[in-house]
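The values are calculated or read from the model by the stated rules, or taken from the named source; none is laboratory data. All values derive from a computational prediction rather than experimental measurement. Quick reminder, even Gly has a Cβ in these numbers, built from the backbone with ideal geometry, and neighbours come from all protein chains shown.
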Amino acid sequence: MIHTINHGPIRELRLNRPPVNALTGDLIVALRQAAESAPKDGVRALVLSGTPGRFCAGLDVPLLMGLDRKAITTLWRELYALMKVLACSPIPIVAAIIGHAPAGGTVLPLFCDWRIMADGEFKIGLSEVQVGIPLPAVILAALRRQVGPRQAERLSTAGLLMSPAQALEIGLVDELVPTEHVVERSIEWCKTLLALPAEAMTATRHEARADLIAIFRRDLDGELKKVAASWWHPETQATLRAVVERLKKR
């Protein structure tokens with residue numbers, strides 16, 4: 001589900017779960033483990049990519065609808081653990097957003113250092129509300145950090161999806177390049193950072209990301225229970241079932 005490609009001291013973790021790189025419990029765990037192990041392997045920076053046209057479609061709703069309460073709770077705990085690993089990574093991480101990135105496809109880049117997106121007919125945004133899922137507080141906090149309070153309220157409450165150009169304008173992504181150059185440009189960005197004096201860069205990066213790291217230093221158990229419970233709300237379940245039915249007709 002993840003292709004590992006080394007570019008010298010930079011490691012690319014390429015999501016590879018056709019057709020749309022939708023997130024399952026197994027993929028979430030695999031990605032967390034890969035991100036955790038990279039610094040121990042001597043890797044100095046990470047690039048998180050996907051397949052051309054499809055970075056990540058978010059949670060695999062049709063598959064998850066067949067899980068019981070215990071499994072859904074475990075899934076959310078693993079997702080929170082993945083977000084924490086990305087936020088607290090001792091090495092820089094670039095999200096190479098190589099195509100569509102709705103919902104969870106936007107969540108992952110929020111906890112990276114830099115976001116480079118393909119310029120094209122793609123959509124990005126935290127669309128959870130549109131499918132009946134309340135946006136978890138930790139994700140809203142990361143969104144607020146990225147785009148500011150007013151834009152975060154607008155985007156999250158309506159579950160807006162937007163074009164790459166719109167995402168760049170409000171700061172949801174940091175750069176736009178042609179699809180075929182997204183990974184290349186991501187590697188270049190890493191190389192530029194790694195060319196700096198290592199101790200100074202690392203210490204400053206840690207301080208600059210202290211507010212993001214602090215999100216995970218508080219007790220999140222109550223929030224996790226609330227998020228998992230919201231999955232089973234009748235309105236959420238009805239909306240998710242409708243989404244599954246629409247997907248079957250495609």
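If the condition is being among the basic types (Lys, Arg) and closer than 22 Å to Asp26 by Cβ, then region 82-119 contributes only Lys84.
Per-residue answers, yes or no, for (1) farther than 26 Å from Leu247 by Cβ; (2) modelled with pLDDT of 95 or more:
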{"site": "Val107", "(1), (2)": "no, yes"}
{"site": "Met117", "(1), (2)": "no, yes"}
{"site": "Ile133", "(1), (2)": "no, no"}
{"site": "Val138", "(1), (2)": "yes, yes"}
{"site": "Leu143", "(1), (2)": "no, yes"}
{"site": "Val147", "(1), (2)": "yes, yes"}
{"site": "Glu153", "(1), (2)": "yes, yes"}
{"site": "Thr157", "(1), (2)": "no, yes"}
{"site": "Gln166", "(1), (2)": "no, yes"}
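Inside region 1-21, residues that are over 17 Å from Val85 (Cα atoms), among the aliphatic types (A, V, I, L, M) and free of Cβ contacts under 8 Å to residues at least 60 places away in the same chain make up a count of 2.
Among residues of region 135-172 being among the basic types (Lys, Arg) and within 16 Å of the chain's Cα centre (by Cα), the one that is farthest from Glu184 (Cα to Cα) is Arg144. Taking the criterion of being farther than 22 Å from Ile97 by Cα, touching a residue at least 24 places away in the same chain (Cβ under 8 Å) and out of contact with any Phe, Trp or Tyr (no Cβ under 9 Å at 6 or more places or on another chain), would at least one residue in region 174-188 satisfy it? Within region 174-188, none of the residues are farther than 22 Å from Ile97 by Cα, touching a residue at least 24 places away in the same chain (Cβ under 8 Å) and out of contact with any Phe, Trp or Tyr (no Cβ under 9 Å at 6 or more places or on another chain).
Residues that are over 19 Å from Arg185 (Cα atoms) and part of a helix (DSSP H, G or I) within region 107-134 comprise Val107, Glu128, Val129, Gln130, Val131, listed in sequence order.
Screening Phe216 against (1) over 21 Å from Ile139 (Cα atoms); (2) surrounded by 13 or more Cβ atoms within 10 Å (Cβ to Cβ) leaves a single unmet condition, (1).
Checked against the criterion of being out of contact with any strand residue (DSSP E or B) (no Cβ under 6 Å at 6 or more places or on another chain) and among the polar types (S, T, N, Q), the candidates Thr179, Thr157 yield just one match: Thr157. Selection of region 24-53 for residues being under 27 Å from Leu193 (Cβ atoms), outside any helix (DSSP H, G or I) and at pLDDT 95 or above yields Asp41, Gly42, Val43, Arg44, Ala45, Leu46, Val47, Leu48, Ser49, Gly50.
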